[in-house]
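See below for the structure under consideration.
Read-outs throughout are calculated quantities, based only on the coordinates presented, and are distinct from any laboratory measurement. Keep in mind it's a predicted model, so treat the numbers as computed, not measured. Ideal geometry is used to build each Cβ from the backbone, glycine not excepted, and the neighbour counts take in all protein chains shown.
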Amino acid sequence: MTTKSISFVLVLTFVFISSFAQPSRWQQRVKYAMNIDVDASTNKFTGKQKLEYTNNSPDVLNKVFYHLYFNAFQPNSSMDLRSRELGKIVNNGRQDWDGRVRDRISKLTSEEIGYQKIISLKVNGIAQPFKYHETILEVNLTKAILPNTKVVFDMEFEAQVPLQIRRSGRDNPATGVRYSMSQWYPKLCEYDYEGWHPTPYVAREFYGVWGDYDVTINIDPTYKLGGTGVLQNANEIGWGYDAANTTDLKPATKSKRTWRFTANNVHDFVWAADPDFKHLTKKLKNTTLHVIYNYKQNDEKNDAAWATVLNAAATSLPFIEDNFGKYPYPQYSFIQGGDGGMEYPMATLLSGPSLGTVFHEWMHSWYQMMLGTNESLYYWMDEGFTTFAENLVTKFYNKKSNKQQYVDMLAAKPDSKQLKDVLDIIPEDQGDSYTSYFGLAKSGYEEPLTTHADHFNSNAAYGTAAYSKGAVFMEQLGYIVGAVNRDKIIIDYYNQWKFKHPNSNDFIVLAEKATDIKLDWYKEYWCNTTKTINYAIDSLWEEGGVSKIRLKRIGQMPMPIDLQLTFKDGTTEMHYMPLNLMFGEKQLENNNQKRIVHEEWKWTHPTYIVEFPQKLSILKAVEIDPSKRMADVERKNNLLELNW
């Protein structure tokens, strides 16, 4: 073979190998410029949207998809039918539908429904054919978008704001807010390494393309607005945007007032509007906080509650940034609106000033707005990690743990068996998540965390899986690798994966590198199955001056085991058995306690015998996982107290 032939073969081999190599995590990019005109008398608006789309993928795109969320709020829509079908399921005497949705969509009149209609759509000036799929618009391009190229979409659309049903809408009687404008514009679907994600709007979560937004809103001059981004014409608006001590809107010179917001490196845009909004601001070192709420005259309690939201956020931000990563945006707005609490970039909609909801929605800025997992597939990484973070922020702000709150409740009701039972099974933090998960695991309704968010058989199972089982995943990870390592993983996860749409494998690989412990088995059991953890102290005896304790795995999910021995003299000793699937062990967590590391426990073996060279009679108690971070579904067999 000639030298030239050898070189040619080597090139072909390199190309072949490269084609199967792990691709870099490219990101598509968008740049929206939108100008909308709102008719508050009819609850309709028209819009013009210019969208620069950069195809950073290696793929040729022959079509694109848009979300048209408002189209869900029409009788007989997928959201309507899905809600009514789930309402036929009864769990613990309750219909399984979302209480906010119920069958309300089916009863909307033509003036109350929502819709988004596309008037025209062009790419680089050329009209494009499109097809409606209810909440998804399919555009079959007349000319494909090549890799590493940019095109410009020009769209004209009109919309009607639905009566408030779910997240978005108008005239919510519970809040009195006129417009909660989330999922309000035609939004390009995400295209990633798995292809297009044209997920219909049925109930759940979202996935979007990062980019820059420039949004101009023309509306009746009496309305006051808050939303994603920084107000660019603050000097024309006043009302606390130009200076903290201005409380009034500046006089309007036209029949409609123009508000212009810009936001960079976000994947959605929300706004809300009401003539009776009140605006509070607080400028911090690197960001400005806004609280915008529906003002009630002579209601000092309401004013004080919203002022507390502002102060609580300012107080908690340093703790949040130290433990979860820096907040990179110039502002954040807590806006009254929506139907509960719903997160968006640089803003959240809140039906009220509950601090639990405030902290939860704000922490979504980290676990969705900056990390941006595909919420339909990895909802537990979004809602679960957020719940985990919310609990720690609440603990910081209230200066008491989740468990301490139950202790306080028991002090007020010392005869409550229910509270005593809860205290016996929950760890110091994340207690509510553990009790919820235990209920789900024993209910018969649990489904794997790999189930698509919209395809759970019940709302109840989804809610507990997403929020509670997801939070337990993170707290239990601290049990497996050590809390200090887990906390390092959290920061590493933020630093390495912000603005990159990580998936569950990305998180596990990062955690393995940070700890030098294999963790694929943990995700396999906890996420891909509904197998449960149940370990028990089976028996103990003494042979030749050596005490032996036999442990038994009853559940189908294997785990490493912390076994604490308490002696009659009051001292304790930790015996640690790593799981063989870990190929490593966690570091000592308590420097004040002696720890003995034993041979690994093979996952195939249902029993394990722990030995210690002392008389059995000196033992006072034996306990599996005294920290209660391992989500053992039957804790009664974890503790053996000896009364000899």
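Given Cα pairs under 8 Å that are at least 6 residues apart, what percent is the relative contact order of the chain? The normalised contact order for the chain reaches 10 percent. Convex hull volume of the C-alpha atoms in segment 28-151, normalised per residue: 149 Å³.
Normalising by residue count, segment 535-641 has a Cα convex hull of 100 Å³ per residue. For the chain, the 222 nm mean residue ellipticity estimated from helices alone, with every DSSP H stretch of n ≥ 4 adding -39500 (n - 2.57) and the total spread over all residues, rounds to -8000 deg cm²/dmol.
Stretched out straight at 0.36 nm per residue, the stretch from Ile609 to Gln496 would grow longer than its current Cα-Cα span by 36.5 nm. For segment 234-374, the spherically averaged projection of the C-alpha convex hull amounts to 9.3 nm². Below 22 Å, Cα to Cα, which lysines can Lys117 reach? Residues fewer than 8 away in the same chain don't count. Output for Lys117: Lys31, Lys44, Lys48, Lys50, Lys63, Lys107, Lys131, Lys187. Of the trypsin sites (Lys or Arg not before Pro) in segment 251-307, the ones in a loop by DSSP (not H, G, I, E or B) with at most 16 other beta carbons within 10 Å are Lys254, Lys256, Lys285, Lys296. Considering all C-alpha pairs of segment 261-316, those separated by over 16 Å amount to 54%. Distance between the C-alpha centres of segment 474-531 and segment 301-345: 27 Å, rounded to the whole angstrom.
Given a cut-off of 50 Å, what percent of all Cα-Cα pairs of the chain lie beyond it? Percent of Cα pairs beyond 50 Å in the chain: 19.
Using bins 10 angstrom wide from zero, how does P(r) for segment 392-528 break down, in % of all Cα pairs? The calculated distribution, bin by bin, is 11, 33, 35, 17, 3, 0. Summing Lys and Arg as +1 and Asp and Glu as -1 over all other residues whose Cβ lies under 15 Å from the Cβ of Lys518 gives a net charge of -2. Of the beta bridges in the chain, as assigned by DSSP with both residues counted there, near 80 percent are antiparallel. Just to confirm my numbers, what's the Cα centroid distance between segment 121-176 and segment 568-623 in Å? Value for the Cα centre distance between the two parts: 59 Å. Our Cα-only numbers for segment 47-101 put the radius of gyration and Dmax at 18.7, 52 Å.
Mind checking segment 411-486 for trypsin sites (Lys or Arg not before Pro) that DSSP puts in a loop (not H, G, I, E or B) and that have at most 13 other Cβ atoms within 10 Å?
Loop-located and lightly packed - Lys442.
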